[in-house]
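Q: The structure that follows is given in the form of structure tokens.
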Amino acid sequence: MSDAADHLPDAAARNWVDRYAPPALRPWLRLGRFDRPIGIWLLFLPGAMGLAFATQRLELFPWYKLLLFALGAALMRAAGCAYNDFVDRDIDAQVERTRGRPIPSGQIKPKQALLFVAVNSLISLGILLQLGTLAIILGFVSLGLVAAYPFMKRITWWPQAWLGITFNWGFPMAVAAVAGEVPVAAWLFYAGLIAWTIGYDTIYALQDIEDDAFVGVKSSARALGGHAKTGISLFYGLAVVLTATGAWLSGAQPLFFVGLCAVTGHLGLQVVQLRLKDNDLALRLFRSNRTTGLLWVASLVLAQVVLR
């Protein structure tokens, strides 16, 4: 397969893997989705939010733990994607957007993919062991969430909800890593992030709605059908309400809510721009949620600023 032919359709044009990585490494980097870093961001940002949520004063912010969560997000996202591709290899071979992935295209054998999962998971374990007892326990719980995720699209119309539970698990882990506990306010904020993920992953699933129907895969995009825009609006609205409630219960300063207005505006703009049949636009709007997450992080940093 030539370099031009094996460029994956949901990777950014001229991404660093296609441009700079040695040809022998490209299938492995694509298996871990390093050519599509948006997933790393979306896995890392809840952890960054959790660290900011649990930090009482900005000068006490645990920068070393932020680095650990960034590395862990990159490695566990790679492991999770490889595991997902291993489980879904027969389905991926039937879907236009995914049939060029390393496993269904034959560039990497299934057993090699499992070895890739094991190596990334072991390195991640070394990172996890530095985060404290409760965070370690929550980290091991996350393995069950990750293992179950690829099967959700076979048994429920709402696999995006399970993805939300899994992808945002870094939030309570980060809170635990700083505070040694996860209070009710943090779980409310986490619930809001789950709603956010259901919204943005429904946008992502719009790209595959026809192929998913053909192969019998379920998704929130298929469940909502022509009401997808309304559904996404409701989930985004729920995300704002729950994160606002969690922050208020935690004693966040007023500037948090100023930042949350920017989050709300960004989510609203996504809904206004969304067109259900425009796959390219759906991918762009999905990727724009990196900005949404960064705005949430900024809001939580502002939550520590006391107005005099």
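The values are calculated or read from the model by the stated rules, or taken from the named source; none is laboratory data. All figures in this text were calculated on a predicted structure; none of them were measured in a lab. Note that we place each Cβ from the backbone using ideal geometry, even for glycine, and neighbour counts take in every protein chain shown. Surface areas here come from the heavy atoms of the whole protein model, side chains and all, with no ligands, DNA or RNA. Shrake-Rupley method; radii C 1.70, N 1.55, O 1.52, S 1.80 Å.
Q: Take residue 39 and decide whether it is farther than 27 Å from residue 21 by Cβ and either of a type in the set (Val, Ile, Thr) or open to solvent by less than 10 Å² (accessible area, probe 1.4 Å) (or both).
A: Answer is no for this residue.
Q: Moving on to the next point. Can you tell me which of 144, 139 is in a helix (DSSP H, G or I), surrounded by fewer than 21 Cβ atoms within 10 Å (Cβ to Cβ) and without any contact (Cβ under 8 Å) to a residue 40 or more places away in the chain?
A: So the residue among 144, 139 that is in a helix (DSSP H, G or I), surrounded by fewer than 21 Cβ atoms within 10 Å (Cβ to Cβ) and without any contact (Cβ under 8 Å) to a residue 40 or more places away in the chain is 144.
Q: Only one of 190, 200, 149 is open to solvent by less than 10 Å² (accessible area, probe 1.4 Å) and part of a helix (DSSP H, G or I). Can you tell me which?
A: Just one listed residue meets the conditions, 200.
Q: Name the residues in the stretch 152-166 that are aliphatic (A, V, I, L, M), open to solvent by 50 Å² or more (accessible area, probe 1.4 Å) and touching a helix residue (DSSP H, G or I) at 6+ places or on another chain (Cβ under 9 Å), would you? Give the steps one after another, and end with the answer.
A: Just the residues of the stretch 152-166 that are aliphatic (A, V, I, L, M), to begin with: 152, 155, 161, 163, 165.
Now drop any that are not open to solvent by 50 Å² or more (accessible area, probe 1.4 Å), which leaves 155, 165.
The one that is aliphatic (A, V, I, L, M), open to solvent by 50 Å² or more (accessible area, probe 1.4 Å) and touching a helix residue (DSSP H, G or I) at 6+ places or on another chain (Cβ under 9 Å): 165.
Q: Something else now. Name every residue in the stretch 203-220 that is of a type outside the set (D, E, K, R), open to solvent by 20 Å² or more (accessible area, probe 1.4 Å) and within 21 Å of the chain's Cα centre (by Cα), in order of residue number.
A: Result: 204, 207, 209.
Q: Further question on the same structure: Out of the residues in the stretch 221-238 that are of a type in the set (Gly, Ala, Ser) and farther than 23 Å from residue 265 by Cα, state the one that is least open to solvent (accessible area, probe 1.4 Å).
A: As a first pass, look at the stretch 221-238 and keep what is of a type in the set (Gly, Ala, Ser): 221, 223, 225-226, 228, 231, 233, 237.
In the following step, the residues that additionally are farther than 23 Å from residue 265 by Cα were identified as 223, 225-226.
Details: 223: 49, 225: 28, 226: 70 Å².
The qualifying residue least open to solvent (accessible area, probe 1.4 Å) is 225.
Q: In the set 271, 301, 258, 241, which member is open to solvent by less than 30 Å² (accessible area, probe 1.4 Å) and either modelled with pLDDT of 95 or more or part of a helix (DSSP H, G or I) (or both)? Show your work before the answer.
A: Details: 301 fails: open to solvent by less than 30 Å² (accessible area, probe 1.4 Å); 258 fails: open to solvent by less than 30 Å² (accessible area, probe 1.4 Å); 241 fails: open to solvent by less than 30 Å² (accessible area, probe 1.4 Å).
Being open to solvent by less than 30 Å² (accessible area, probe 1.4 Å) and either modelled with pLDDT of 95 or more or part of a helix (DSSP H, G or I) (or both) holds for just one of 271, 301, 258, 241, which is 271.
Q: Another question, then. Which pairs turn up if I take residues in the stretch 277-290 that are farther than 20 Å from residue 44 by Cβ and look for partners that are part of a helix (DSSP H, G or I) and open to solvent by 20 Å² or more (accessible area, probe 1.4 Å) with beta carbon separation below 6 Å, at least 6 apart in sequence or on another chain?
A: That search, which allows pairs on different chains as well, returns 279/207; 282/207.
Q: Report whether or not residue 169 is within 24 Å of residue 235 (Cα to Cα), touching a helix residue (DSSP H, G or I) at 6+ places or on another chain (Cβ under 7 Å), open to solvent by less than 40 Å² (accessible area, probe 1.4 Å) and among the aromatic types (Phe, Trp, Tyr).
A: Yes; evaluated as a whole, the condition is true for this residue.
Q: Residues that are part of a helix (DSSP H, G or I), more than 15 Å from the chain's Cα centre (by Cα) and either modelled with pLDDT of 95 or more or over 25 Å from residue 240 (Cα atoms) (or both): does the stretch 156-172 have at least one?
A: Checked the stretch 156-172: no residue is part of a helix (DSSP H, G or I), more than 15 Å from the chain's Cα centre (by Cα) and either modelled with pLDDT of 95 or more or over 25 Å from residue 240 (Cα atoms) (or both).
Listed here are the residues, each with its yes/no results for (1) buried (at least 18 other Cβ atoms within 10 Å of the Cβ); (2) over 17 Å from the mean Cα position of the chain (by Cα); (3) not in a helix (DSSP H, G or I).
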{"position": "28", "(1), (2), (3)": "yes, yes, no"}
{"position": "34", "(1), (2), (3)": "yes, no, yes"}
{"position": "50", "(1), (2), (3)": "yes, no, no"}
{"position": "64", "(1), (2), (3)": "no, yes, no"}
{"position": "67", "(1), (2), (3)": "no, yes, no"}
{"position": "73", "(1), (2), (3)": "yes, no, no"}
{"position": "80", "(1), (2), (3)": "yes, no, no"}
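Q: Now for a separate question. Quick one: how many residues across the stretch 244-255 are outside any helix (DSSP H, G or I) and crowded, with 16+ Cβ neighbours inside 10 Å?
A: 2
Q: Among the residues of the stretch 105-125, is there at least one that is surrounded by 17 or more Cβ atoms within 10 Å (Cβ to Cβ), under 17 Å from residue 173 (Cα atoms) and among the β-branched types (Val, Ile, Thr)?
A: There is no residue in the stretch 105-125 that is surrounded by 17 or more Cβ atoms within 10 Å (Cβ to Cβ), under 17 Å from residue 173 (Cα atoms) and among the β-branched types (Val, Ile, Thr).
Q: Additional query: Take residue 18 and tell me if it is open to solvent by 10 Å² or more (accessible area, probe 1.4 Å), charged (D, E, K, R), farther than 27 Å from residue 285 by Cβ and modelled with pLDDT under 90.
A: Taking the combined requirement at face value, the residue does not satisfy it.
Q: While we're looking at this one, here's another question. Pull up the stretch 251-279, narrow it to residues that are under 19 Å from the mean Cα position of the chain (by Cα) and not aliphatic (A, V, I, L, M), then point me to the one that is farthest from residue 200 (Cα to Cα).
A: 264
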